[in-house]
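**Student:** Okay, handing you the structure first.
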Amino acid sequence: MFEAIGRLVARRPWLVILGWLAAAVVILATAPGLGSVTNSDQSAFLPPEKESARAAALAKEAFPGTDGATAIAVVSRTDGRRLTDGDVARLKELAQQLNADKPAVTAGVAFDPAQQVAANREVALLGAQFTGAPEQEDVQDAVRDLRDRLDTALDGTGLRAGVTGEAALVVDNKQAFAEAEQIVTITTIGLIVLLLLLIFRSPLAALLPLVSVGLVLAVSTSLIATVATAFDFEIGQELPVLLTVVLFGIGTDYILFLLFRYRERLRAGDPPAEALVAAIGRVGEAIFSAAFAVIAAFGALVLATLGFFTTLGPGLVIGVAVMLLAALTLVPAVVALLGRRLFWPSRKVDRAPSRTRFATVGAFVARRPVVVIVGTLALLGGLATGALGFQADYDPVRQLPPDTEATRAFEDLQRGFPAGALQPTNVYLRADRPLTEVELGAFTQALAEVPGVATPMPPQLAADGRTANVPLILADAPFDAESLDLVSGPLRDAARAAAPDGSTVLVGGQTMAYADVRDSTERDFSVIFPVAGLLFVLILAVLLRAALAPLYLVAMVVLGFVATLGATVLTFQQGLGRSGLSFIIPIILYLFVTAIGTDYNILVTARLREEALEGNDPRRAAALAIEHAGPSVAAAAVILAGTFASLLISGVPFFVEIGFAVTFGIVLVAFVVSVLLVPATTALVGRAAWWPGHGAGEPIEELRAPVAAGSGRTTRDA
């Protein structure tokens, strides 16, 4: 099938290219912007049956106008001294000024000196309430307006203010991610061009992936926005950056697989057209299987309950599917037009190196497979032990760059108030009758006595008298593990126990929302991981027509995943002293390192099987597979690792963690697992690795025939 695709593309390259360009123009002209369907609030992706979601629905019904986003202005003196009575009076006037001329989406700015001036007079708080969600553009504009007006009003007064809280975190988060996307995109493109120039010594070969993947990225982004709009769902703000890295990474991988095999056939003496057909015929199946493995891994995300995962999956699936189509049609069409000129001015296309480093490595692996297996397993096992110390971090504040206003203001807030003041927890009491003051007072007192609750705020009673909201300030930061444990455990239990007869309790607020996110994430991991692993096994079994090899191949790449997680824990938690890693790290690692690592395994094992079918004994097949497939795997891994390494300079801790983890994981899986461990194990297992398909017995005669009539070469020459 893939050889037929190659012949079709080689005969009509201009038709293929024009078809792609026409389709791209139509899609780009009709699609909405991706920003219109993007949401940065993880809690917004919670299933509606979660407690925090039900509490939010109750708040919207019982307390209309107060269910929107909030922000906190933290005020202190510029000279570091305590606030004076004159400063407090000025803040009263300031609150009145802010309320007198405010945006329509701002419900009001509150300042109560009795509660919002710290006991030590270090800081004071002004609370802003909005009528819309933090993702709304008008709410974000209102936050920026509030910051500007505070700066203007306090200029020359000896006071300064910083705005933090839910809405401000979203504003700073979006800004940080937008800047990170620009940095990552520019760095990724520069790295790819530089590395490809070093590999091929040709500007055309270096620009081919850049132009091709750039077109695929634009088309994919538009298709994702179209699908999201059509099916009325939102995507996480992480998708644009991850999609950029993924497409430039795997897209360049697939193009490299094709170019290396194409150059190999040219060196074997094939004319350019027949070399292209042979290259697609040989690596097309591997590229298809590799892409399908990634698609299956991303597709498994639809089994999640957390909306972030269920929308991330389809978005990445669309991108990889478009990239696969381009790798099998658009890229070969361009190669067909350029022919040997693709590698100009390099002359390496005319001659194969006499002895490569990978030939030396292959010879060693073939001679000493047991030594290689023991050494690589010791390395992977040692790193994997670090994964036992993994701690998930759900704090969006810690994932912001430390120089953002929201982060600095939160640090100032803690000079005079408990960290929980950043985002109070709301306990809602709903009765089948009007609540009495005595009942409400007793309920509030019971909540105040729960260890971990710093202080309750004045309760609010709904207009019907049947629903009450008791805001609580927790002692710890609202997104710390201790706070998540508190609201989903002792606090909720105490609230239910203290509820009057005929009433029910719901715990709401951002702390409870992230506790629900944690619960959903843990459940999703337990489902997605084994399903994705099973899909990998099935895809490899179909590709290799074997039962044993797929099992140990997936086991090896999973070990690479655990080792990568362990190395990341050792680096950030032990080495840099962080309290934990972003809770998304395991799923990102599993899907990217495991799925893309499976790509490399597919390329190497496809070559191992090909060499076995040629009649080579297992050890000779391992040596040849490393010699011929090793360079393309190494080049692809270096480029992919480089694209993810660009995240290290993004300035966003979340992306820095991902950048290190995936970069390390790709290098580990490619060079240790795919190039060393897989061939060594296959050499040791022997022909049984390919049971019950071909490769377990005699060579297949049809594969010994020339690839193309008149070429005079066999697949062994390639």
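**Student:** Return the sequence-ordered ³J(HN,Hα) values of segment 567-584 in whole Hz as given by the Karplus equation 6.51 cos²θ - 1.76 cosθ + 1.60 applied to θ = phi - 60°, using x for Gly and Pro.
**Tutor:** Per-residue couplings from phi come out as 5, 5, 4, 4, 6, 8, 7, 7, x, 9, x, 6, 6, x, 10, 3, 4, 7 Hz.
**Student:** Enumerate the calculated ³J(HN,Hα) couplings along segment 63-69 in order (Karplus 6.51 cos²θ - 1.76 cosθ + 1.60, θ = phi - 60°), each rounded to whole Hz, writing x wherever the residue is Gly or Pro.
**Tutor:** 10, x, x, 10, 9, x, 5
**Student:** Same structure, new question: Efficiency by 1/(1 + (r/R0)^6): what FRET value for residue 493 and residue 537, r their Cβ-Cβ distance, R0 = 25 Å, to the nearest 0.05? It would help to have the intermediate numbers written out before the result.
**Tutor:** Working: r = 43 Å, r/R0 = 1.71.
Computed FRET efficiency for residue 493 and residue 537 comes out at 0.05.
**Student:** Let me know the whole percent of all Cα-Cα pairs from segment 1-136 that are separated by more than 23 Å. Before the final figure, lay out the partial values.
**Tutor:** Details: 5771 of 9180 pairs.
The share of Cα pairs beyond 23 Å in segment 1-136 comes to 63 percent.
**Student:** For segment 628-682, evaluate the Debye formula with one uniform point scatterer on each Cα (no solvent term) and list log10 I(q)/I(0) at q = 0.16 Å⁻¹, rounded to two decimals.
**Tutor:** -0.50
**Student:** Antiparallel as a % of all DSSP beta bridges within the chain, to the nearest 5? Mind dumping the intermediate values first?
**Tutor:** Numbers: 35 of 39 bridges.
Close to 90 percent.
**Student:** Give the residue list of GluC sites (Glu not before Pro) in segment 48-146 that are DSSP loop and have at most 15 other beta-carbon atoms within 10 angstrom.
**Tutor:** Working: sites: 49, 51, 61, 93, 122, 135, 137; in loops: 49, 122, 135.
Listed in order of number, the matching sites are 49.
**Student:** Taking 0.36 nm per intervening residue step and subtracting the Cα-Cα distance, what contour gain separates residue 504 from residue 89 on full extension? Please report the intermediate quantities before stating the final value.
**Tutor:** On the way: separation 415, 0.36 × 415 = 149.40 nm, distance 4.15 nm.
Gain on stretching residue 504 to residue 89: 145.2 nm.
**Student:** State in Å² the accessible area per residue of segment 110-160; use a 1.4 Å probe, count heavy atoms of protein chains only, and round to the nearest integer. Walk me through the intermediate numbers first.
**Tutor:** On the way: 2330 Å² over 51 residues.
Per-residue value: 46 Å².
**Student:** If you don't mind, there's one more thing I want to ask. Over the chain, with every protein chain in place, what whole percent of the accessible area is carbon and sulfur at 1.4 Å, could you tell me?
**Tutor:** Working: 16370 of 27390 Å².
The C+S portion of the solvent-accessible surface of the chain is 60 percent.
**Student:** Another question, if that's okay. Relative to the longest principal Cα axis of the chain, at what angle does helix 653-667 sit, 0 to 90 degrees, rounded to 10?
**Tutor:** Helix 653-667 sits roughly 20 degrees off the main axis of the chain.
**Student:** Shifting gears a bit: Stretch residue 414-residue 547 to full length: gain in nm at 0.36 nm per residue minus the Cα-Cα span? Mind dumping the intermediate values first?
**Tutor:** Numbers: separation 133, 0.36 × 133 = 47.88 nm, distance 5.90 nm.
Residue separation times 0.36 nm, minus the Cα-Cα distance, leaves 42.0 nm.
**Student:** From the Cα trace of segment 492-578, what convex hull volume per residue do you get, rounded to a whole Å³?
**Tutor:** On the way: hull volume 14.4 nm³, N = 87.
With only Cα atoms used, segment 492-578 gives 165 Å³ per residue.
**Student:** I'd like the accessible area for residue 531: 1.4 Å probe, protein heavy atoms, all chains in place, Å² to the nearest 10.
**Tutor:** 50 Å²
**Student:** Separate question: Can you tell me the mean projection area, over all orientations, of the convex hull of segment 354-479's alpha carbons? Units nm², please. Don't skip to the answer; put the middle values down first.
**Tutor:** Numbers: hull surface 66.7 nm².
Answer in nm², one decimal: 16.7.
**Student:** Karplus couplings for segment 256-267 from phi (6.51 cos²θ - 1.76 cosθ + 1.60, θ = phi - 60°), rounded to Hz, Gly and Pro as x?
**Tutor:** Couplings: 5, 4, 5, 5, 4, 6, 5, 5, 4, 6, 4, 5 Hz.
**Student:** Working out 0.36 nm times the residue gap between residue 23 and residue 385, then minus their Cα-Cα distance, what length gain in nm do you get to one decimal?
**Tutor:** Numbers: separation 362, 0.36 × 362 = 130.32 nm, distance 4.94 nm.
Result for the pair: 125.4 nm of gain on full extension.
**Student:** Can you give the net charge of the other residues whose Cβ lies under 13 Å from the Cβ of residue 59, counting K and R as +1 and D and E as -1? Write out the running numbers ahead of the final one.
**Tutor:** Details: positive: 54, 60, 430; negative: 51, 61, 67.
That works out to 0.
**Student:** What does the accessible area per residue of segment 564-607 come to in Å², with a 1.4 Å probe and no ligands, DNA or RNA counted? Before the final figure, lay out the partial values.
**Tutor:** Values: 840 Å² over 44 residues.
Value returned for segment 564-607: 19 Å² of accessible area per residue.
**Student:** Based on the inverse mean of 1/r over its pairs of different Cα atoms, what is the Kirkwood hydrodynamic radius of the chain, in Å? Show your work: numbers first, answer last.
**Tutor:** On the way: mean 1/r = 0.0356 Å⁻¹.
Averaging 1/r across every pair of different Cα atoms and inverting gives 28.1 Å.
**Student:** Per residue, how much accessible area does segment 236-379 show when a 1.4 Å probe rolls over the protein heavy atoms, in square angstrom?
**Tutor:** Counting only protein heavy atoms, the per-residue value for segment 236-379 is 33 Å².
**Student:** Moving to a separate point now. How about segment 352-455: which GluC sites (Glu not before Pro) there are in a DSSP loop, with at most 11 other Cβ atoms within 10 Å of their Cβ? Could you put the intermediate results ahead of the total?
**Tutor:** Numbers: sites: 405, 411, 437, 439, 449; in loops: 449.
Passing sites in segment 352-455 are 449.
The values are calculated or read from the model by the stated rules, or taken from the named source; none is laboratory data. From a predicted model like this one, the values you see are computed outputs, not experimental measurements. For neighbour counting, all protein chains shown are included, and Cβ atoms are generated from backbone atoms with ideal geometry for every residue, glycine included. To get the accessible areas, we keep the full protein, side chains included, count just its heavy atoms, and leave off ligands, DNA and RNA. Shrake-Rupley method; radii C 1.70, N 1.55, O 1.52, S 1.80 Å.
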